[in-house]
Each structure stands twice: as structure tokens, then as C-alpha cells.
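Single-structure report; data block below.
Read the figures in this text as sums done on the coordinates, not as results from a lab. Predicted, not measured: the structure shown is a model, and the values here were computed from it. Note that we place each Cβ from the backbone using ideal geometry, even for glycine, and neighbour counts take in every protein chain shown.
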Amino acid sequence: MDLSPLVSTAWLGDHLDAPDLRVFDTTVHLDVVPAGFEIRSGRTEYDAKHIPGAGFLDIVADLSDPASELAFTRLAPDRIARVLSRSGVSNESHVVLYSAGEVMWATRAWWLFRSVGLETVSVLDGGLAKWEAEGRPVSREPCAYREAVFDAQPIETLWATKEEVRQATEHGGACTLNALPHPMHTGAAGLGYRRPGRIAGSENVPFSDLLDPSDGTFLAPAELRDHFKTAGALEKDRVICYCGGGIAATQNAVALLLVGHPSVAVYDGGLDEWSRDPELPMEADEAGSSG
């Protein structure tokens with residue numbers, strides 16, 4: 001892909017009036033509760049303030065399969081295409097995605113849209129927090145994008161199935177990379193999955209380690225490369241990123257694209273799916289943990 005997955009706040013500020021630009025807030029909140037977490041849409045915050053002209057894309061209500069027992073399961077490509085069309089996105093649009101919180105929600109939408117063939121799609125580096133910190137404008141005006149036609153052209157290699165992950169654990173043909181925090185990788189902490197720990201043989205690069213804590217932007221490619229090199233991801237022809245349910249994994253996947261890895265996939269089911277099957281191998285210790 002020629003277009004970088006990221007655009008800067010300065011770039012967006014300069015292009016905000018471009019006729020082919022479509023900007024969307026993708027914010028979701030995960031509120032920690034005793035049983036794990038509760039999912040809450042960011043639409044209320046969007047209604048209160050958003051980047052001028054931006055629409056809101058609800059990852060929970062609009063871009064996750066309600067028929068799945070797993071949270072956040074991706075929609076079929078034709079259904080994603082319908083969401084894009086009614087949101088005003090055509091194949092010629094340049095879509096910029098941002099979040100008011102964790103960037104992983106914007107990278108999740110990026111991965112979904114790239115996987116159905118949208119070539120010009122970007123994540124706002126630093127998100128709404130950086131935009132506001134720089135004194136840039138916000139609005140409460142509703143989005144005015146007109147309905148368009150988007151034709152899906154799926155790229156299924158951007159997704160890894162449970163079977164492909166199983167093959168990687170048995171034969172090591174791909175690097176399997178856990179994006180969750182280190183205590184969850186080792187099994188010292190859990191978040192409501194059926195079994196603690198990680199997919200057997202996987203390495204750990206926590207998603208939060210990939211961002212500059214001062215402004216929430218992605219680290220420079222050289223720093224990102226160091227993280228992935230330590231985990232052995234750059235030595236493999238293919239990397240499969242996973243987390244609990246395919247959200248944080250997309251942050252790692254986008255970072256791998258930023259350093260030029262040629263074959264990156266996201267395991268959509270993640271630990272939520274994997275941990276439910278007692279026949280699938282898991283580990284819960286410090287061995288093999290390079291995060």
C-alpha cells in the first residue's frame with residue numbers, strides 16, 4: 001500500500017475541506033467491572049464535540065456481527081460495504097479515522113475498511129486528544145455526508161483463521177504476536193477469558209508500548225522496529241496479531257505495516273475464541289515472553 005496508515009493533525013487541518021475527505025470518530029469505551037468489562041459506545045462524547053464535519057461510526061452497533069457469541073466479530077464484506085455506503089464513503093473517498101480514547105478503535109476500523117478494499121484510509125496520529133491539545137477546532141454540528149456507493153473488494157489475507165493460528169503453533173510458520181498487556185500474556189492477570197495466559201508459542205508486544213506517552217502518537221519506525229525485532233516478528237514471513245477480540249491486535253498490525261512488514265494478519269476471534277476450546281494449546285508463565 002502506497003498511502004501511509006497515518007496522517008498527522010497538521011495534515012488533517014490543512015485538508016479538512018477537501019471534497020473527497022470523510023472523517024469519522026470511532027470511539028468505544030471498555031469499562032472495567034468485576035466480571036471483566038462492559039462495552040460502551042462513544043457516541044455521547046461525539047455528540048458533545050468532534051472534529052468539524054466528522055461523522056460517527058459505531059464499531060459495536062454498526063461494524064460487529066450481532067449474531068456472533070464473540071464480541072466485535074467482523075461483519076461480512078458486503079455488510080461493511082453497506083455501512084460505508086450509507087456513511088457517505090465511495091471507493092474514491094479518503095477516510096480518516098480517529099478516537100477520543102485508545103487509538104486501537106481507529107486502527108480496528110482501519111483494518112476492517114482496508115480488508116474490504118478501501119485503499120485510501122488513514123488513522124489520525126494522536127487522535128482527538130492531540131487535535132484539541134493543539135488548539136484545533138471542534139464542533140457539535142451533525143455530519144452532512146451524503147450516501148454514496150462503495151464496492152467491496154475483499155482482501156482475506158489480512159485476517160487469520162483459528163486454523164491458521166493452530167498451524168502456526170504446531171509448525172512455527174508464522175510469528176504469533178499477543179498485543180495484550182504483559183500480565184495477561186503470562187496469565188498473572190485475566191480479563192474474563194475462559195483460560196488465562198496466551199496462545200502457545202506466541203510472543204508479546206503490548207499495544208501500549210507502541211505509542212509515545214507524551215502525545216499518543218505512534219513511535220518512530222526505528223523504535224517500533226526494535227520492539228518487533230525483540231519479539232522475533234521481523235524474522236518471519238508472516239505475523240499474526242491477536243488480543244482478546246481483534247481490537248488491540250490491529251494497533252500492532254498497523255505498527256508492523258509502518259515498519260514495512262509485507263504480510264500481517266489479525267486473528268479476529270483472539271483469546272475470546274481460542275480460550276473456549278480446551279483442545280487448543282495455551283501457556284501461562286514467563287517463558288517466551290519478550291514484551
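Between residue 147 and residue 235, the contour length at 0.36 nm per residue exceeds the alpha carbon distance by 27.3 nm. Please report the antiparallel percentage of the DSSP beta bridges confined to segment 6-154, to the nearest 5. Among the beta bridges of segment 6-154, antiparallel pairing accounts for roughly 40 percent.
Taking label points 7 Å from Cα along the Cα-to-Cβ direction, residue 164 and residue 226 give a separation of 3.1 nm. On a per residue basis, the convex hull of the C-alpha atoms belonging to segment 38-121 measures out at 101 Å³.
Ranking of 241, 143 by neighbouring Cβ atoms within 10 Å, starting from the fewest: 143, 241. Evaluating 6.51 cos²θ - 1.76 cosθ + 1.60 at θ = phi - 60° for every residue in segment 199-209, the Karplus couplings come out as 4, 3, x, 7, 9, 10, 10, x, 4, 5, 6 Hz, glycine and proline recorded as x. Each helix, a run of at least 4 DSSP H residues, gives -39500 (n - 2.57); summed and divided by the residues of the chain, these come to -8000 deg cm²/dmol at 222 nm.
Taking the number of Cβ atoms within 10 Å of each Cβ as an exposure proxy, the fewest-first ranking of 104, 282 is 282, 104. If R0 equals 25 Å, the separation of the Cβ atoms of residue 15 and residue 208 corresponds to a calculated FRET efficiency of about 0.30. For the pair residue 33 and residue 133, what calculated FRET efficiency results from E = 1/(1 + (r/R0)^6), where r is the Cβ-Cβ distance and R0 = 35 Å, to the nearest 0.05? E(calc), rounded to 0.05, equals 0.70. Where the alpha-carbon atoms of segment 110-220 are placed on the principal axes, they occupy 51, 38, 30 Å, in descending order. Taking segment 120-145 and a reference point 7 angstrom along Cα→Cβ of residue 92, the backbone N atoms nearer than 20 Å belong to 120-122, 144-145. Ordering 113, 218 by the number of other Cβ atoms within 10 Å of each residue's own Cβ, fewest first, gives 218, 113. Each label point was placed 7 Å from the Cα along the Cα-to-Cβ direction; for residue 49 and residue 78 their separation is 4.3 nm. Take every DSSP beta bridge whose two residues both sit in the chain; close to 30 percent of them are antiparallel. Specify which residue in the list 243, 208, 174 is farthest towards the positive end of the charge dipole of the chain, using unit charges on the beta carbon of Lys, Arg (+1) and Asp, Glu (-1), about the Cα centre. The listed residue farthest towards the positive side: 243. Once the chain is represented by equal point scatterers at the alpha-carbon sites, with solvent omitted, what log10 I(q)/I(0) does the Debye formula produce at q = 0.08 Å⁻¹? Values returned for q = 0.08 Å⁻¹ are -0.32. Partners of residue 229 within straight-line reach, counting lysines whose Cα lies under 28 Å from its Cα and excluding those fewer than 8 residues away in the same chain: 162. Sequence-distant contacts, meaning Cα pairs under 8 Å at least 6 residues apart, place the relative contact order of the chain at 20 percent.
Could you tell me which GluC sites (Glu not before Pro) in segment 120-150 are loop residues by DSSP with no more than 16 other beta carbons within 10 angstrom of their beta carbon? When the GluC sites (Glu not before Pro) of segment 120-150 are filtered for loop state and at most 16 Cβ neighbours within 10 Å, 134, 147 remain.
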